[in-house]
Amino acid sequence: MSSQKSSENDPITPEIVEAEGKDTKSAGPAVELEERILKLEAEKEELRKTMVHRQADYENFRKRVERERHEESRRAIGHLIQQLLPVLDAFERALAAHDDPGYAEYRKGFELIYKQLWESLEKQGLERIDAMGKTFDPHMHQAIERVETDEHADGAVMEVLQPGYLFHTRVLRPATVRVAAAPAAASHKRAN
């Protein structure tokens, strides 16, 4: 009976039970919707991060391809210039050989052509190695002979037989040189 009294005393009516059921039912879709929104926002953020990462990858790829294209172009120009170096040498020999006044007009023409060729190659990045009087450097010079002398310091380049060239700071052709060596008597005295 006590259970009957408590249920009789409880102010629960069918309307309240129905209202509570509606709240629970209506709260369920709202929670599901909230969860779905959070899930979609997380997916959106993940896609945004992926897009930013792919964009950065693409930019790096584009820069690398551009750099490789530039380097390949530079290598091709360097190869062409290397093939033109004997032409420069021939011009220099021709200009040095003909000092005869009868060839003055020819000489002016050769000098003009040589100057134009040199300036064009220089614009592409070619520069002559300044070897005369410098200390021998095996990276920049190719020694064909060591000559004993007191006139130059030991190891100094005393004669340039063929000029060397740099192409964008890279040795294209080392300078062919004669290098000074201290006389045997002087080096023998230093050793004692």
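What the table below lists for this structure:
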{"quantity": "Test for L166: is it closer than 25 Å to E71 by Cα, in contact with a Lys or Arg (Cβ under 9 Å, 6 or more places away or on another chain) and not charged (D, E, K, R)", "calculated": "yes"}
{"quantity": "Sole exception among (1) farther than 28 Å from V179 by Cβ; (2) in contact with a helix residue (DSSP H, G or I) (Cβ under 9 Å, 6 or more places away or on another chain) for E92, by number", "calculated": "(1)"}
{"quantity": "G155 small (G, A, S), surrounded by 15 or more Cβ atoms within 10 Å (Cβ to Cβ) and modelled with pLDDT under 95", "calculated": "yes"}
{"quantity": "Residues satisfying the stated conditions in the stretch 93-134, i.e. in a loop (DSSP other than H, G, I, E, B), without any contact (Cβ under 8 Å) to a residue 24 or more places away in the chain and within 30 Å of A156 (Cα to Cα)", "calculated": "D130, K134"}
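The values are calculated or read from the model by the stated rules, or taken from the named source; none is laboratory data. Bear in mind that the values here come from a model prediction, so they are computed numbers and not experimental data. Cβ coordinates were reconstructed from backbone atoms using ideal geometry, including for glycine residues, and neighbour counts include every protein chain displayed.
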